[in-house]
Structure formats: C-alpha cells, structure tokens
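Take a look at the structure set out below.
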Amino acid sequence: MLVNGVWQENWQPVQAKDEQGRFIRQASSFRHWITPDGAPGPTGAGGFKAEKGRYRLYVAYICPWASRALMARTLKGLQEVIEVTVVNPRLTDQGWQFGGYPGADEDTLNGVRYLHELYTRADPQVSGRATVPVLWDKQTGTIVNNESADIVRMLNSAFSAIVDQGPNLYPDDLAAEIEALNASLYANLNNGVYQAGFASSQQAYEEAYGKVFAALDELESRLADGRLYLFGERLTETDLRLFVTLVRFDAAYHGLFKCNRNTLRDMPSLHAYMHRVLALDGIAATVNLDHIKAGYYSIKALNPGGIVPAGPGKL
C-alpha cells in the first residue's frame, strides 16, 4: 500500500480487520464528480465537465466493483465517449500492473507500470490502497473518482447531452427502494463473499457465510415470480451490483472464498437471471472468465501454489 505517496510493502488482500477477524474494506479516497456543466457534484471539487474523449476508465475484469462501472459505460452507450484501460488480472507484490497478459493493456496514456503510480501522480502524498475502478481526467492529469458507486451514478446521467441512450439506472420513483436494497446487497453479498474469503477467524467466516447464503436465498425467492429484474421490468444499478457478484460466484467465490453450500447453478431463478443480464447488448464483453479465474487464484494468501482451476469453463 501507499503511505504518503511511497509504496511500503507487498500487496496483501486483507485491508484491515476487527478484533473478531472480520475483513474491513478501505474507503475510497477520490470522490469528485463529472457533471454536465462542470459544477461540483455531491462530493469533492468541481471543474470536471462531461466531454467526449476527456476521461479514461481504468478497470480490472476480475474486480466486481470495476466491472459494474464498465457495465454502466456499455449500457449508456459511452464506449466512444470514455476510453478504457484493462489491467493485468494477476495481482503482483505492487498491486495492479499494466500489460503482460492476454487482454490486458499497457498504460499508453501515462506510461506507468503499476496502478499505484497513477495515484501518486494525482496526489503525491496519498496513503492507502490503489484500487480499481479509476476514472481519470486527461485534461488535468488527475483522478476524478475511484468509488464505483459514484462512477455508475455519473455515467448514468452526466453525459446525457452527448449520448442519450440506455436505461435510467437510478429512476427517481425507485430511489428509496434502490438505496435500501443496495445497502443490503453490499453488506450481505457483494462484500459478504470477501468477508468469508478473507476472514481470519472461524467465527468471522461462519458469520459471513451465513449472510451470503441468507441473501442468496432471499434473492432466489424474490426472482421466483418470473420478474425480469430486481424491481420488475426495469433494469437498475442494483441489478449491476447483483450481477457482478453472481457472475463470479461459481468460478471464484464457491471454491476459493469457501462459499460452498451450493453453486449458483443450483439456484435456478438466480442462475437464469444472471444469464438474462449477461445477454443484454454488450454485457458479455464486460465479462472475462479467464481474467476472473487468473486474478482471484493469483492471491497468494489464499492460493500459494498459484494453481488456476480448469473449471468452470463457461458461465
């Protein structure tokens, strides 16, 4: 991680833990917003106006948080507006690296080798972990935002004067319900699988395991009535949050993270829902199963031998 702009130690998956061995996720450090006119958003400073070609999104296909930002870019038709750079899926002792793996990009924009070098360019005294996604402003040479929830919201609305297409992922009439389900999904499933995988005590693991499968059971029942998406016929940002965890479940969380009561294939409503979202125009291109497996199984603390399982070969 970075301490006052200097890389201090080999990358470790556990960011922090409490006295009971529960995994604690680091808060995002850059929280500016792109807005239609460059005015300040809900957090951070202003000056980031929605413009074609000005911004670049740095992502990892293995990362669910980065992938939901990539999905929002696709669904809103912003492929020609915001460029994308994909990092190497295999985590190194210095975290995310550019190039060196099929489907991974070199950083041709800034010419750096590791993602953490972008963080120190944006803030020479930054402390913390260098995470994806990163939304980079080419005009000012800094990070706009590294919080995926913020990035999805701004991609949903900030560029509508340039490209106005795709679903409204955060409709006003569903805002309260979206916020409530988002919070539950994060605590029990999106982050719950990580709390199970990175637990450092049996108690913490069993607690997280219970939350994960209670959430999956509830969602299986919710979707059993035949609805297309979580809130009925309309796709929202909450569907993106759920999909990115489901699409990784059998390949990584079931085995490596010990969330092994059952596979997603054993939950017919959730499995069919995952494939429904996957079939949306452009979404399959945001999922790379090879990167997902290579990335998760490169985590030395969980898989010191670095052996990548042969299956599953498909979703």
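Listing for the model above:
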{"read-out": "Computed label-point distance, nm, for sites L302 and A149 using a 7 Å Cα→Cβ extension", "value": "2.2 nm"}
{"read-out": "With all protein chains modelled, accessible area of W7 [1.4 Å, Å²]", "value": "60 Å²"}
{"read-out": "Estimated inter-spin distance, A45 and E179, nm [label 7 Å along Cα→Cβ]", "value": "2.9 nm"}
{"read-out": "Efficiency of FRET between T142 and A272 - r from beta-carbon atoms, R0 41 angstrom, step 0.05", "value": "0.45"}
{"read-out": "FRET efficiency, D172 to K314 (Cβ-Cβ, R0 45 Å, nearest 0.05)", "value": "0.70"}
{"read-out": "Point-to-point label distance, N10-D37, nm (Cα→Cβ direction, 7 Å offset)", "value": "5.3 nm"}
{"read-out": "Label corresponding to percent of Cα pairs over 25 Å apart when calculated from the structure given, among (1) 45; (2) 49; (3) 58", "value": "(2)"}
{"read-out": "Mean Kyte hydropathy of -1.0 or more with a Cα span along the axis of at least 24 Å, helices from DSSP in the chain", "value": "202-223"}
{"read-out": "Mean ellipticity per residue at 222 nm, deg cm²/dmol - from DSSP H runs of n ≥ 4 across the chain, formula -39500 (n - 2.57)", "value": "-9500 deg cm²/dmol"}
{"read-out": "Counted charge near G210, where neighbours are those whose Cβ lies closer than 12 Å (Asp, Glu -1; Lys, Arg +1)", "value": "-1"}
{"read-out": "Listed pairs K52/K76; K138/K293; K52/K138 exceeding 22 Å between Cα atoms", "value": "K138/K293"}
{"read-out": "The chain: antiparallel DSSP beta bridges as a percent of all, rounded to 5", "value": "75 percent"}
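The values are calculated or read from the model by the stated rules, or taken from the named source; none is laboratory data. Being a predicted model, the structure only gives us computed values, none of them experimental. With ideal geometry, Cβ positions are generated from the backbone for all residues, glycine too; neighbour counts draw on all protein chains shown. Side chains are part of the model used for accessible areas, which takes the heavy atoms of the whole protein and leaves out ligands, DNA and RNA. Shrake-Rupley method; radii C 1.70, N 1.55, O 1.52, S 1.80 Å.
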